[in-house]
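Worksheet: one structure, shown below.
The values are calculated or read from the model by the stated rules, or taken from the named source; none is laboratory data. For clarity, every value in this text was computed on a predicted model and none was experimentally measured. Cβ coordinates were reconstructed from backbone atoms using ideal geometry, including for glycine residues, and neighbour counts include every protein chain displayed.
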Amino acid sequence: MSKNKDLRLYQDLPNKPGVYLFKDKSGKVLYIGKAINLKNRVKNYYSEKNVNTRIKNLLTQTVKIDFVTTKTEIESLLLEARLIKQYRPKYNVRLKDDKRHLYVGISRQKYPAVLLIRQPEKETKLLDWFGPFPTSQSIREVLRLLRRIFPFCACGKLPKSCFYSHLNLCPGQDERLLSNYPQTIKSIRLFLNGQISPAVLDLRKRMEKSAKNLEFEQAGCYKRQIQMIENLLLGFKRFPDEAKPRKQLQALRKLLVRWQGIEPGTIHRLEAFDVANLGKKLIVGAMVAFNEGEQEKANYRLFKLKEPFLGDPEALKEILSRRLNHPEWIYPQLILVDGGKGQVSAAFKALKIKGLAKQIALIGLTKKQETIVIPKIKKGKISGWKLLSYAAGSGILQLLQFARDEAHRFAQRYYHTLYRKTTLSSEPK
């Protein structure tokens, strides 16, 4: 193909997220992919010098490139899977490894389970299935976040109390969640099919109906689900390019100066903390570190608490105390904790004991309301609170959400590992 012809194929593509479709002269779809920036991604196919034979064959056969723009990356992921399922392009198989892609299946049961599967055509008890998803990491992350919004069963054994029900990720024996489970599955199916706007519209209708019937607690639940979907769409997977972490860190510094009374100078290093537990028997914590908004995975730390603690705040205080015993790890300018006033107060006590309350800034971020919690510090004490709510698209909020969720993920993974070891070791021989 000539260089001029290459340009004609992608020069009209927008610099927006979406899905692109390579087509041959008969209009048949050869390959489907997703991109954060459609024009740049497709341009890369033609600008790469050392492409393999299969890609060369794809480009040779391609005479047209169609596209569909989306508002967010997660919508691109879901649309890509739906279109691959619809068109079954041959190069989506040939350009990948031989291993099969992941699908999401909904089982045909009284209480349907949401499962990851590899061969849906061999499953005999599926209500519905979605995919394939070329990137297994992405769909696992989507399900992890979606489960926080719509607690679902992954084993098909409801109603039964399980580990995930204690984490509010499965209905378990919760009568309210069980009675609403059919609607939960409906919302999940709409979401995974890329029909996110209809899913949100359905939730709004249910919210309004509940409010009209004076069922304000249920209406509030629907409202939180809508807000969490909006946050999921805009905060999925990574800091968006336009967020510019350094710029947002500077904006955070100004908030701290104004409301906390601490001047951290420039925020280079941020550390986020979270606690994972099931009662008092097993409690762990995690610390994740960021430098100039970039992850420093080599400096992540895990903490296992041997003594019983009354709750997350007390456990968080212990974890922070242990961390602050290691000045060789380089102290951060800002500490973020997963939680509200209770967690922030506990973290502040740890800082005060170490004589660092005036040196290291501290904030919290609540999960459901996504509220930024800033303690007002005067004379070495918390004298009040400033609670800030930002729109889902706010760069500051997305940066903090990413750090908070990374700490949560790291803590949960460690907890699950220890929990499995404890369970296996306690089983009778």
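Out of the range 154-204, which residues are basic (Lys, Arg) and under 22 Å from the mean Cα position of the chain (by Cα)? Step through it out loud before you land on a result.
Here is the first cut: in the range 154-204, the residues basic (Lys, Arg) are 157, 160, 176, 186, 189, 204.
Scanning the range 154-204 gives LYS186, ARG189.
Please determine whether any residue of the range 202-210 is modelled with pLDDT under 85 and touching an Asp or Glu at 6+ places or on another chain (Cβ under 9 Å).
Taking the range 202-210 as the starting set, the residues that turn out to be modelled with pLDDT under 85 are none.
No, the range 202-210 contains no residue that is modelled with pLDDT under 85 and touching an Asp or Glu at 6+ places or on another chain (Cβ under 9 Å).
Please go through the range 254-295 and give me each residue that is over 30 Å from PHE163 (Cβ atoms) and of a type in the set (Gly, Ala, Ser), ordered by number.
Our first condition is that a residue be over 30 Å from PHE163 (Cβ atoms); within the range 254-295, this holds for 254-270, 291-294.
Result: GLY261, GLY265, GLY293.
Any residue in the range 191-219 that is not assigned by TED's automatic domain parsing to the domain that holds ARG144 sitting within a Cβ distance under 8 Å of a residue that is surrounded by 18 or more Cβ atoms within 10 Å (Cβ to Cβ)? List the pairs, counting only those 6 or more apart or interchain.
Hits for this filter: zero, empty list.
Hey, can you tell me all the residues within the range 35-54 that are surrounded by 16 or more Cβ atoms within 10 Å (Cβ to Cβ) and either of a type in the set (A, V, I, L, M, F, W, C) or modelled with pLDDT of 90 or more (or both)?
Residues satisfying the conditions are ALA35, ILE36, LEU38, VAL42.
Hey, does the range 89-107 have a residue that's surrounded by fewer than 18 Cβ atoms within 10 Å (Cβ to Cβ), at pLDDT below 85 and in a helix (DSSP H, G or I)?
Restricting attention to the range 89-107, the residues satisfying the condition of being surrounded by fewer than 18 Cβ atoms within 10 Å (Cβ to Cβ) are 90, 93-100.
Narrowing further to those that are at pLDDT below 85: 93-100.
Filter once more, so that each one left must be in a helix (DSSP H, G or I): 93-94.
For the range 89-107, residues surrounded by fewer than 18 Cβ atoms within 10 Å (Cβ to Cβ), at pLDDT below 85 and in a helix (DSSP H, G or I): present.
Where the second residue is part of a helix (DSSP H, G or I) and of a type in the set (Asp, Glu) and the first is surrounded by fewer than 19 Cβ atoms within 10 Å (Cβ to Cβ) and lies in the range 329-350, which pairs have Cβ atoms under 8 Å and are six or more apart or on separate chains?
Cβ pairs passing all conditions: GLY342/ASP312.
Look through the range 116-153, keep the residues that are part of a strand (DSSP E or B) and either in contact (Cβ under 8 Å) with a residue 60 or more places away in the chain or surrounded by 20 or more Cβ atoms within 10 Å (Cβ to Cβ) (or both), and return whichever of them is nearest to the chain's Cα centre (by Cα). First the steps, then the outcome.
Our first condition is that a residue be part of a strand (DSSP E or B); within the range 116-153, this holds for 116-117, 126-133, 153.
Now drop any that are not either in contact (Cβ under 8 Å) with a residue 60 or more places away in the chain or surrounded by 20 or more Cβ atoms within 10 Å (Cβ to Cβ) (or both), which leaves 128, 130-133, 153.
Numbers: ASP128: 24, PHE130: 19, GLY131: 19, PRO132: 20, PHE133: 17, CYS153: 19 Å.
Among them, the one singled out is PHE133.
Determine whether the range 216-223 contains at least one residue that is of a type in the set (Lys, Arg), closer than 17 Å to GLU370 by Cα and modelled with pLDDT of 85 or more.
Just the residues of the range 216-223 that are of a type in the set (Lys, Arg), to begin with: 223.
If we keep only those that are closer than 17 Å to GLU370 by Cα as well, we get 223.
From the residues that got through so far, the ones that are modelled with pLDDT of 85 or more too are 223.
Yes: one or more hits.
From the residues in the range 160-181 that are polar (S, T, N, Q) and crowded, with 17+ Cβ neighbours inside 10 Å, which one is modelled with the lowest pLDDT? Quick ask: steps written out before the conclusion?
Of the residues in the range 160-181, the ones polar (S, T, N, Q) are 161, 165, 168, 173, 179-180.
Narrowing the set further to residues that are crowded, with 17+ Cβ neighbours inside 10 Å leaves 165, 180.
Details: SER165: 82, ASN180: 88.
Restricting to residues being polar (S, T, N, Q) and crowded, with 17+ Cβ neighbours inside 10 Å, the top hit is SER165.
Of these, LYS354, LYS358, which one is farther than 15 Å from ARG301 by Cβ, touching a helix residue (DSSP H, G or I) at 6+ places or on another chain (Cβ under 7 Å) and of a type outside the set (A, V, I, L, M, F, W, C)?
Details: LYS358 fails: touching a helix residue (DSSP H, G or I) at 6+ places or on another chain (Cβ under 7 Å).
That would be LYS354, the only listed residue that is farther than 15 Å from ARG301 by Cβ, touching a helix residue (DSSP H, G or I) at 6+ places or on another chain (Cβ under 7 Å) and of a type outside the set (A, V, I, L, M, F, W, C).
Would you check if LYS71 is within 34 Å of the chain's Cα centre (by Cα) and either in a helix (DSSP H, G or I) or not small (Gly, Ala, Ser) (or both)?
Yes; evaluated as a whole, the condition is true for this residue.
In this structure, is LYS85 outside the structural domain of LYS157 (by TED's automatic domain parsing), modelled with pLDDT of 90 or more and either in a helix (DSSP H, G or I) or among the charged types (D, E, K, R) (or both)?
Details: outside the structural domain of LYS157 (by TED's automatic domain parsing): yes; modelled with pLDDT of 90 or more: no; either in a helix (DSSP H, G or I) or among the charged types (D, E, K, R) (or both): yes.
Here the answer is no, as LYS85 does not meet what is asked.
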